[in-house]
Amino acid sequence: MKYDIKQAFDSDIPFEVNNFLNYLGTIRGKSKNTIYNYKIDLILFFRFLKLYKGLVSNNEDFNNIKINDIDNRFIETISLSDIYAFLSFVENYRHNSAYGRARKVATLRSFFKYLTGKAKIIKENPTLELESPKISKRNPVYLTLDESKKLLSVIDGPFCERDYCIITLFLNCGMRLSELVSIDISKIKGDTLTIVGKGNKERTVYLNDSCIRAINSYLIERNKIFDKIHKEDKDALFISRKLTRINKRTIELMVKKYVAKAGLSYEKFTPHKLRHTAATLMYKYGNVDIRSLQQILGHESVSTTQIYTHVDDEKLREAVKSNPLNSLE
């Protein structure tokens with residue numbers, strides 16, 4: 001098989017950024033999506049630095065600023081003040097939220113840690129004292145049990161079996177969007193499904209009766225078009241109207257359509273909110289402990305899962321009412 005150098009080296013970005021991205025994929029096992037986000041963050045960072053340091057004209061189109069000429073000597077000059085200036089830029093001119101800036105901080109920390117620790121390109125790490133923007137805690141947006149049932153009830157159209165199956169899996173299993181589109185039929189064994197989650201980590205998803213019924217019902221319809229499905233996507237569970245593996249955008253638009261049809265007043269409702277819904281319903285009605293929920297959702301840290309312990313106002317209300325001092329007048 002012929003080796004394609006373009007797959008491992010992008011001539012439009014700095015040499016050390018290429019090396020860093022390859023390190024993330026081959027050694028750290030990061031997902032393609034994570035590597036892509038790191039790449040976009042670093043391209044933005046270096047374009048800003050060239051502009052900030054007066055190496056290009058202020059009149060030049062920002063998106064056309066070339067950064068492949070950035071070498072190790074340039075990288076050695078980067079200071080913590082430069083990084084703070086970059087974060088100010090993305091906040092004030094790119095309108096990045098605290099979440100967006102926190103991701104960029106994580107990217108830069110990882111990049112400079114690699115340069116000092118693994119590649120040993122620079123001696124001083126300018127991000128050692130870099131703080132991440134403070135992010136206020138927010139309860140996850142989710143559908144109630146009645147809203148979830150209503151959403152399932154409005155699914156119709158030529159792809160209703162497929163769409164019903166997709167939303168059923170979201171609401172019952174709490175999968176990520178990337179995990180759902182990657183499901184292969186060969187990975188379904190009885191009431192278990194093997195998926196590759198965040199960080200290329202494999203985990204088992206357990207299917208309840210509703211999921212199994214939805215999958216079997218959809219497979220009857222899918223089998224009718226099996227011969228027409230593109231060869232490379234024969235094993236893909238969910239197929240698009242183009243007879244290829246369904247993509248993320250198609251599912252995003254599908255979820256948006258049915259949420260609106262159900263008359264649910266949620267702006268910008270996404271498939272990820274269905275994941276929140278599944279986690280909330282399991283915690284609220286299933287007596288699931290936090291560690292089990294962590295495994296179900298594929299969270300690396302239990303602190304990520306703990307947001308679902310704060311969403312049930314009724315439990316909090318009942319807990320206060322149950323205090324024996326409540327009966328005193």
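The values are calculated or read from the model by the stated rules, or taken from the named source; none is laboratory data. On a predicted model such as this, the values are computed, not experimentally measured, just so you know. Here Cβ is always computed from backbone atoms with ideal geometry, including for glycine, and neighbour counts include all displayed protein chains.
Mind counting the residues in segment 35-76 that are surrounded by 18 or more Cβ atoms within 10 Å (Cβ to Cβ) and either among the polar types (S, T, N, Q) or assigned to a helix (DSSP H, G or I) (or both)?
Within segment 35-76, residues that are surrounded by 18 or more Cβ atoms within 10 Å (Cβ to Cβ) and either among the polar types (S, T, N, Q) or assigned to a helix (DSSP H, G or I) (or both) number 13.
How many of the residues making up segment 198-215 are assigned to a loop (DSSP other than H, G, I, E, B) and not polar (S, T, N, Q)? Show your work before the answer.
Residues of segment 198-215 that are assigned to a loop (DSSP other than H, G, I, E, B), as a first pass: 201, 207-208.
Still in the list and also not polar (S, T, N, Q): 201, 207.
Total satisfying the criteria: 2.
Which members of segment 118-164 meet the condition of being among the small types (Gly, Ala, Ser) and farther than 30 Å from Leu180 by Cα? Break it down into steps so the answer makes sense when it comes.
Of segment 118-164, the ones among the small types (Gly, Ala, Ser) are 119, 132, 136, 148, 153, 157.
Passing the criteria: Ala119, Ser132.
Kindly evaluate Ile27 against the criterion of being among the β-branched types (Val, Ile, Thr), touching a residue at least 12 places away in the same chain (Cβ under 8 Å) and assigned by TED's automatic domain parsing to the domain that holds Tyr84. First the steps, then the outcome.
Values: among the β-branched types (Val, Ile, Thr): yes; touching a residue at least 12 places away in the same chain (Cβ under 8 Å): no; assigned by TED's automatic domain parsing to the domain that holds Tyr84: yes.
In short, no.
Would you check which residues across segment 224-245 are more than 15 Å from Pro158 (Cα to Cα) and under 21 Å from the mean Cα position of the chain (by Cα) and list them? I'd like the intermediate steps shown before the answer.
Going through segment 224-245, the residues more than 15 Å from Pro158 (Cα to Cα) turn out to be 226-237, 244-245.
Correct list: Ala236, Leu237, Arg245.
Can you tell me which residue in segment 129-178 is farthest from Gln294 (Cα to Cα), limited to those that are surrounded by 21 or more Cβ atoms within 10 Å (Cβ to Cβ) and free of Cβ contacts under 8 Å to residues at least 60 places away in the same chain?
Thr168
Identify the residue in segment 217-242 that is touching a helix residue (DSSP H, G or I) at 6+ places or on another chain (Cβ under 9 Å) and more than 30 Å from Gly25 (Cα to Cα) and, among all such residues, is surrounded by the most Cβ atoms within 10 Å (Cβ to Cβ).
Taking segment 217-242 and keeping what is touching a helix residue (DSSP H, G or I) at 6+ places or on another chain (Cβ under 9 Å), we get 217-222, 229, 234-241.
With more than 30 Å from Gly25 (Cα to Cα) added as a condition, the list becomes 217-222, 229, 241.
Numbers: Ser217: 16, Tyr218: 22, Leu219: 17, Ile220: 9, Glu221: 15, Arg222: 19, Ile229: 17, Arg241: 10.
It comes out as Tyr218.
Among the numbered criteria (1) touching a helix residue (DSSP H, G or I) at 6+ places or on another chain (Cβ under 8 Å); (2) outside any helix (DSSP H, G or I); (3) of a type in the set (S, T, N, Q), which single criterion is violated by Ser178?
Condition (2) is where Ser178 drops out.
Considering only segment 237-272, state which residues are over 19 Å from Cys160 (Cβ atoms) and hydrophobic (A, V, I, L, M, F, W, C).
If the condition is that a residue be over 19 Å from Cys160 (Cβ atoms) and hydrophobic (A, V, I, L, M, F, W, C), then Phe269 is the only one that fits.
Going by the conditions given, is Ser79 loosely packed, with under 13 Cβ neighbours inside 10 Å and either more than 21 Å from the chain's Cα centre (by Cα) or closer than 21 Å to Pro126 by Cα (or both)?
Details: loosely packed, with under 13 Cβ neighbours inside 10 Å: yes; either more than 21 Å from the chain's Cα centre (by Cα) or closer than 21 Å to Pro126 by Cα (or both): yes.
For Ser79, the condition - loosely packed, with under 13 Cβ neighbours inside 10 Å and either more than 21 Å from the chain's Cα centre (by Cα) or closer than 21 Å to Pro126 by Cα (or both) - is met.
Do you know which of the residues in segment 111-169 that are of a type in the set (Ser, Thr, Tyr) and farther than 30 Å from Leu42 by Cβ is farthest from the chain's Cα centre (by Cα)? Give the steps one after another, and end with the answer.
Of all residues in segment 111-169, those of a type in the set (Ser, Thr, Tyr) come to 114, 116, 127, 132, 136, 142, 144, 148, 153, 164, 168.
Then drop every residue that is not farther than 30 Å from Leu42 by Cβ, which leaves 142, 144, 148, 153, 164, 168.
Working: Tyr142: 17, Thr144: 23, Ser148: 22, Ser153: 27, Tyr164: 22, Thr168: 19 Å.
Among them, the one singled out is Ser153.
Please count how many residues of segment 183-213 are closer than 25 Å to Ile27 by Cα, surrounded by fewer than 18 Cβ atoms within 10 Å (Cβ to Cβ) and in contact (Cβ under 8 Å) with a residue 12 or more places away in the chain.
7
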